[in-house]
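The values are calculated or read from the model by the stated rules, or taken from the named source; none is laboratory data. Just so it is clear, the model here is predicted, and its values are computed rather than measured. We place every Cβ from the backbone using ideal geometry, glycine too, and count neighbours over all the protein chains shown. Remember, those area values only see protein heavy atoms, side chains included, never the ligands or the DNA or RNA. Shrake-Rupley method; radii C 1.70, N 1.55, O 1.52, S 1.80 Å.
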Amino acid sequence: MTVVVVSLLSLVPCGAIQLWGSSVPKLVPATTKSVAAVHAAAAAAATPAGAAALKTGFSVSSVLQSVEGDYASTVAVSAAVSCAVSLPLVVIAGRRAMAHRLALEQEVPPEPETPYPGGSDSYSPEKANEFYRQRPLLVLGRLIGLLQATLAFQVKLLIDWRTGNLEANERERAREALALVEDLGPTFIKLGQALSIRTDLIPEAYALELRKLQDAVPPFPDAQAREATRRAFGRPLEDVFEDISDACIASASIGQVYRATLKPGNYACDALPDRGGPVRSVAVKVQRPGVLAEICLDLYLLRLLTPLQVYISNAINKLPTDPEDLEVALALVDEWGRGFANEVDYRAEARNTREFSQAMARRGLGAVVSPRVVDELSTNNVLVTEWIEGTRLDASGSPDVPRLCGVAVNAYLTMLLDTGVLHCDPHPGNLLRTVDGKLCILDWGMTIKVPPDLQYSLLEFIAHINSDRLDRVPYDFVNLGFTPPDKVAKVADSGVTDGLAFMLRQLSEGGRSRQNPRARQK
């Protein structure tokens, strides 16, 4: 705004010069030489180097004298005067704007109000409804922002569909979708990460682009992260770390990570001799300022818009919309919401990280670990853990990768059927092969508790498959929530249990062909 005002004000002397020029009694056509000279003055005034040159002798007054009486050249001179007058003010305004932006980047903004705190048990749609009904302008502003951000992309998709170019332009639209998701903020980045491994739901081109979110998300200012960490510790960073990286090593939807070296101290995680001695090299994970408020608002809007989306989808597919359809869709949003709210609570992530390694060690599964947590330095929005040297499992060329894939399957089955706490973010960026040949699972912010009755139902299902008691499998589907109780007979007659058992046996034997169970019975 300052630049616009300055530019308008600078027109005042230009108008005076033009008026003076129009009063000259003898007007002569503009010559190429005079116009070129004035344009040179304008160009010189438009750059810092040119402005310096004007001070040393190439002045606007000298140009005026050389083209006196030339009306067209006088108009051009007015442009030079405009540049000469406005340029210093523009530079000053630009420097002030830059200083203001730098000051904002170094400040941690106050945490906005939220309808509920972070944590696995804190997510509440009811509290969100009450909170945002009292703040309609906040909701409207975010909704308008989302519509503005997505409008151009939606129009392009519509044009592609109408012109039959959906497949031809798929890669370009996928790149645009990645940029759009990054622009929309943490909630949509998390959704993009989840969709990046679901090629059954989105085209391959979109999945490939969205997978970039697993490793690289636009970071927030490093100065803000440092100030947030200092506030969390309540003391200067120099008192805690011998050194810390100037820029973040990795950035994610909820926070970003710095590498640091701890000063020697009495930390509880040091008392684990089987894990390599005292922790010195650490990862410092700092939460984005205001991220919980953004997530709460976006989840509220998703709950508002989900019924509309269900109606539209069913109408396109010429299907009726039942109340159960809306309940399932809203339940899915709420499940996401609980996971997102839990991920914002870094204390819960620290607890999950620590308890996983302890649980695996008690069960003799030492081939899989998680980073040690420095509890004394971990808070709600800063998490300090052991720095793990390793390579992404999917990018490692080590010959023991197949063995570690088996370790990963075993670990997740143990979580699902035994410990009851399941890691819900197993994208490739969170699975590392350590330098000593172990599997390390990172990022324990998103987990889910598996209730005992579900664990028991899963074990029954596996037992019935292994023992060929396929007549019990339809009832297992009911216990697992896959099939309504009144559809058991229909499932039993469909033959789906035979096909499923046959497929699982092939997978358990490495894909070797085996006779179909129905064929054995004949």
Mind checking which residues of segment 331-376 are open to solvent by 40 Å² or more (accessible area, probe 1.4 Å), within 30 Å of the chain's Cα centre (by Cα) and in contact (Cβ under 8 Å) with a residue 40 or more places away in the chain? W336, R338, E355, D375, E376
What are the residues in segment 448-500 that are within 25 Å of G339 (Cβ to Cβ) and over 38 Å from the mean Cα position of the chain (by Cα), if any? none
Considering segment 414-467 alone, what residues qualify as being more than 21 Å from S196 (Cβ to Cβ), modelled with pLDDT of 85 or more and of a type in the set (G, A, S)? G420, G437, S457, A463
Given the condition at pLDDT below 80, open to solvent by less than 30 Å² (accessible area, probe 1.4 Å) and of a type outside the set (D, E, K, R), answer yes or no: does some residue in segment 498-506 qualify? yes
Tally up the residues in segment 194-215 that are more than 19 Å from E172 (Cα to Cα) and not acidic (D, E), please. 4
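Taking segment 206-235 only, how many residues are part of a helix (DSSP H, G or I) and open to solvent by less than 20 Å² (accessible area, probe 1.4 Å)? First the steps, then the outcome.
Here is the first cut: in segment 206-235, the ones part of a helix (DSSP H, G or I) are 206-214, 222-233.
With open to solvent by less than 20 Å² (accessible area, probe 1.4 Å) added as a condition, the list becomes 207, 210, 213, 225, 228-229.
Qualifying residue count for the region: 6.
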Meets criteria (more than 24 Å from R303 (Cα to Cα), touching a residue at least 12 places away in the same chain (Cβ under 8 Å) and open to solvent by less than 40 Å² (accessible area, probe 1.4 Å)) for A128: no
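Yes/no matrix, rows are residues, columns are (1) free of Cβ contacts under 8 Å to residues at least 60 places away in the same chain; (2) out of contact with any Lys or Arg (no Cβ under 7 Å at 6 or more places or on another chain):
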| site | (1), (2) |
| --- | --- |
| L158 | yes, yes |
| W161 | yes, yes |
| N165 | yes, yes |
| E172 | yes, yes |
| L178 | yes, no |
| A205 | yes, no |
| D215 | no, yes |
| F233 | no, yes |
Matching residues, segment 464-491, being open to solvent by less than 50 Å² (accessible area, probe 1.4 Å) and of a type outside the set (D, E, K, R): H464, I465, L470, V473, P474, F477, V478, L480, T483, V488, V491
Output the residue which, of all residues in segment 377-387 that are open to solvent by less than 30 Å² (accessible area, probe 1.4 Å) and part of a loop (DSSP other than H, G, I, E, B), is nearest to D345 (Cα to Cα). T379
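Say whether the condition of being assigned to a loop (DSSP other than H, G, I, E, B), in contact with a Phe, Trp or Tyr (Cβ under 9 Å, 6 or more places away or on another chain), at pLDDT 90 or above and closer than 23 Å to I249 by Cα is met by at least one residue in segment 351-370.
yes
Here is a yes/no grid of residues against (1) part of a helix (DSSP H, G or I); (2) open to solvent by less than 70 Å² (accessible area, probe 1.4 Å):
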position: R142; (1), (2): yes, yes
position: Q154; (1), (2): yes, no
position: W161; (1), (2): yes, no
position: N165; (1), (2): no, yes
position: R175; (1), (2): yes, no
position: A194; (1), (2): yes, yes
position: I197; (1), (2): no, no
position: I202; (1), (2): no, yes
Out of all the residues in segment 269-282, is one or more modelled with pLDDT of 90 or more and not in a loop (DSSP other than H, G, I, E, B)? yes
Considering residues that are at pLDDT 85 or above and within 19 Å of A250 (Cα to Cα), the number found within segment 192-212 is 6
What are the residue pairs meeting all of these: first residue in segment 298-315, first residue assigned to a helix (DSSP H, G or I), second residue acidic (D, E), Cβ atoms under 6 Å, and 6 or more apart or on different chains? V310/D325
